[in-house]
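All remarks here apply to the structure that follows.
No lab work stands behind these numbers, since they all come straight from the coordinates. Here the structure is a predicted model, which means the values were calculated and not measured. Using ideal geometry, Cβ is built from the backbone for each residue, glycine included, and neighbour counts are taken over all protein chains shown.
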Amino acid sequence: MKGKNISTIDLLIETHLRLERQGPGSSEMTIKALNFLDNLNQISRVLDVGCGTGGQTMVLAQNVTGSIIGIDQFPDFINIFNDNTRKLNLAKRVNGIVAQMEDLPFQKEEFDLIWSEGVLGNVEKGLNCLNNFIKKSGYIVVTCPSWFTDERPEEIEKFWVNAGESLYTIGDNIGFMQKAGYHLIAAFSLPEKCWDNYYIPREAAEKEILEKHPENQVVEDYIKNSKYEIELYSKYKQYYGYVFYIGKKL
Ligand code: SAM
């Protein structure tokens, strides 16, 4: 990591490289979502968008027999992803590549299943990028942060706006899916434990980073913002959370 010129993106990468997952989730919930799908087999092609270091991808790979491509914008994450596939003996059918989800290097209707955990602010945004690459009768399975209520306190609404994300209610997201030509198979929210799975190791990683960079204002501000995000979740978790949306293309 760079010395004095360290940026927030450097810190974000350095923190998340150390984690098994880079967002809220769990193996149990990944498998629960996967169990809603049928017709996947050895020739199925799966794309995991924003795969990070591959926490959920490795779980998918151990539960489906087809081939899987993980894409992420950060080469450091993809390097760990591909190390993980080798360690787990999955490299023959699981491959990570660096790509932007807005400019995917794939053919039209190439995938039987597109998966994406913790990347998309809402289903509409996700389908705008991904719909073209899903086969007819193929699946989209995504988690998006979603409002649980029609109204919520200004502080939490403002936080997500400032984070550059447009959150919608579960009903809105289901509507986006149906409007794009998908049959809703299921939608379910992630339990609070999935946030602990992410925030607890993240706080530990940030503590190490703070110790490594004493008296660095960029690091201190980064950690302050991170703590604020965690405080807000604890204060307002009845108003929002991550939701799995599972749809089948008509
Ligand atoms: N899916 C992983 C998980 O749940 O542990 C990672 C989730 S993390 C919150 C979001 C991931 O999406 C990051 O690894 C980030 O680099 C990637 N990402 C965000 N925007 C992206 C984009 N436009 N194109 C490709 N990857 C993106």
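Of all the Cα-Cα pairs you can form in the chain, what percent are over 32 Å apart?
Summing the P(r) of the chain above 32 Å gives 21 percent of all pairs.
List the residues whose amide H sits under 5 Å from the amide H of VAL94, counting only those 5 or more places along or on another chain, with H placed 1.01 Å from N in the peptide plane.
ILE68
In degrees, nearest 10, range 0 to 90: what is the angle between the Cα axis of helix 193-212 and the longest Cα principal axis of the chain?
40 degrees
5 Å is the cut-off here: which amide hydrogens, built 1.01 Å from N in the peptide plane, fall below it relative to GLY138, excluding neighbours closer than 5 in sequence?
So GLY138 has HN proximity to LYS249.
Report, in deg cm²/dmol and to the nearest 500, the calculated mean residue ellipticity at 222 nm for the chain, where each DSSP H run with n ≥ 4 adds -39500 (n - 2.57) and the sum is divided by the residue count.
The per-residue figure over the chain is -13000 deg cm²/dmol.
Applying the Karplus parametrisation 6.51 cos²θ - 1.76 cosθ + 1.60 with θ = phi - 60° to the phi angles of region 169-183, what ³J(HN,Hα) value in whole Hz is obtained for each residue in order, glycine and proline being reported as x?
Ordered by residue, 3J(HN,Hα) equals 6, 4, x, 4, 5, 5, x, 4, 5, 5, 5, 7, x, 10, 8 Hz.
Name the long-range amide H neighbours of ARG45: under 5 Å, sequence gap of 5 or more, or other chain; modelled H, no Pro or chain starts.
Placed amide hydrogens put ASP112, LEU113 under 5 Å from ARG45.
Normalised by the residues of region 10-112, what does the relative contact order come to in percent, with Cα pairs under 8 Å and at least six apart?
Worked out over region 10-112, it gives 27 percent.
What's the whole-number percent of alpha carbon pairs in region 11-129 lying beyond 21 angstrom?
That tail contains 34 percent of the Cα-Cα pairs.
With a 10 Å Cβ neighbour count serving as the proxy for reagent exposure, in which order, fewest first, do PHE36, PHE77 appear?
PHE36, PHE77
With +1 on each Lys and Arg Cβ and -1 on each Asp and Glu Cβ, how big is the dipole of region 150-214 about its Cα centre, in debye rounded to the nearest 20?
In debye, rounded to 20, region 150-214 gives about 300.
Each residue of region 133-139 in order: what ³J(HN,Hα) in whole Hz does its phi give by Karplus 6.51 cos²θ - 1.76 cosθ + 1.60, θ = phi - 60°, with x for Gly and Pro?
Per-residue couplings from phi come out as 8, 9, 5, 4, 6, x, 10 Hz.
Karplus couplings for region 223-235 from phi (6.51 cos²θ - 1.76 cosθ + 1.60, θ = phi - 60°), rounded to Hz, Gly and Pro as x?
6, 4, 5, 5, 5, 4, 4, 5, 4, 5, 4, 5, 6
Among ILE140, ILE223, what is the fewest-to-most ranking by other Cβ atoms within 10 Å?
On the way: ILE140 26, ILE223 18.
Ordered from fewest to most neighbouring Cβ atoms within 10 Å, ILE140, ILE223 come out as ILE223, ILE140.
Express in nm, to one decimal, how much length is gained between LEU88 and ASP196 on full extension, taking 0.36 nm for each residue of separation and deducting their alpha carbon distance.
Result for the pair: 36.3 nm of gain on full extension.
Between region 122-162 and region 196-247, what is the C-alpha centre distance in whole Å?
Here the two parts' Cα centres lie 21 Å apart.
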